[in-house]
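In what follows, a single structure is set out as structure tokens and then discussed.
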Amino acid sequence: TTNYLHVKTSFAGQEIDLYCGGNDDANNKKLLDALEGLAPEERGAAYVSVACCVYPDGTKLIARGECRGTVGYDEIGNGGFGYDPLFLPVEYNGEKTMAQLTAEEKDAISHRGKSVRMLAKQIEEGDR
């Protein structure tokens, strides 16, 4: 799995896609540098996950989960990994980063949790 954070800003219509290539500290610095000077409303971001199941007959089930939020100005929290200390999910109104959430809180809103739960529901309902 590639750790991926898509950030879309209104800054000159640019879209900034950042992939892990170094350690978390270096990647977080790269992201903060790219967004330097932008207002909170221009720092929207989303974690995205796609889960799929392919049956032997070729039938495919696909589920996409998103966790929307904004990129903060400072790293806060010790939990999680990657961009979690910077990512402020909308469900917590900018008051907590993903790195400050408990495992249960994070799973309830995470892109991975959403996509896997949606896929499990498709499988249970026999969507083939």
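Cβ separations smaller than 7 Å between residues 6+ apart or across chains give the following pairs from segment 57-70 residues that are of a type in the set (Ser, Thr, Tyr) to residues that are not in a strand (DSSP E or B): 59/128; 70/40; 70/43; 70/94.
Residues are listed down the side, and each one gets a yes or a no for (1) out of contact with any Lys or Arg (no Cβ under 8 Å at 6 or more places or on another chain); (2) assigned to a strand (DSSP E or B); (3) crowded, with 18+ Cβ neighbours inside 10 Å:
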position	(1), (2), (3)
67	no, yes, yes
70	no, yes, yes
79	no, no, no
106	yes, no, yes
114	yes, no, yes
121	yes, no, no
127	yes, no, no
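Being among the hydroxyl-bearing types (Ser, Thr, Tyr) and over 12 Å from the mean Cα position of the chain (by Cα) is a description that does not apply to residue 97. Checked against (1) within 29 Å of residue 120 (Cβ to Cβ); (2) modelled with pLDDT under 90, residue 99 meets all criteria but (2). Just a yes or no: is a residue in segment 73-91 over 25 Å from residue 33 (Cα atoms) and among the hydroxyl-bearing types (Ser, Thr, Tyr)? No, that holds for no residue. Residue check: residue 61 meets all listed conditions (1) more than 18 Å from residue 112 (Cα to Cα); (2) over 16 Å from the mean Cα position of the chain (by Cα) but one, namely (1). Against the conditions (1) farther than 20 Å from residue 115 by Cβ; (2) modelled with pLDDT under 85; (3) surrounded by 15 or more Cβ atoms within 10 Å (Cβ to Cβ), residue 4 satisfies every one except (1). Taking the criterion of being over 14 Å from residue 46 (Cβ atoms) and open to solvent by 20 Å² or more (accessible area, probe 1.4 Å), the residues of segment 81-100 that qualify are 81, 92, 93, 94, 95, 96, 100.
Filter segment 41-56 for residues that are touching a residue at least 40 places away in the same chain (Cβ under 8 Å) and open to solvent by 40 Å² or more (accessible area, probe 1.4 Å); which is farthest from residue 95 (Cα to Cα)? Reasoning before the result, please.
If we filter segment 41-56 for residues that are touching a residue at least 40 places away in the same chain (Cβ under 8 Å), which is where we start, we get 45-53, 55.
Checking which are open to solvent by 40 Å² or more (accessible area, probe 1.4 Å) leaves us with 48, 50, 52, 55.
On the way: 48: 21, 50: 27, 52: 33, 55: 42 Å.
Checking each candidate, the answer is 55.
The values are calculated or read from the model by the stated rules, or taken from the named source; none is laboratory data. Note that the structure is a prediction, hence the values are computed from the model and not measured. Neighbour counts are summed over all protein chains in view; Cβ atoms, including those assigned to glycine, are modelled from backbone coordinates with ideal geometry. SASA here: full protein model, heavy atoms, side chains in, ligands and nucleic acids out. Shrake-Rupley method; radii C 1.70, N 1.55, O 1.52, S 1.80 Å.
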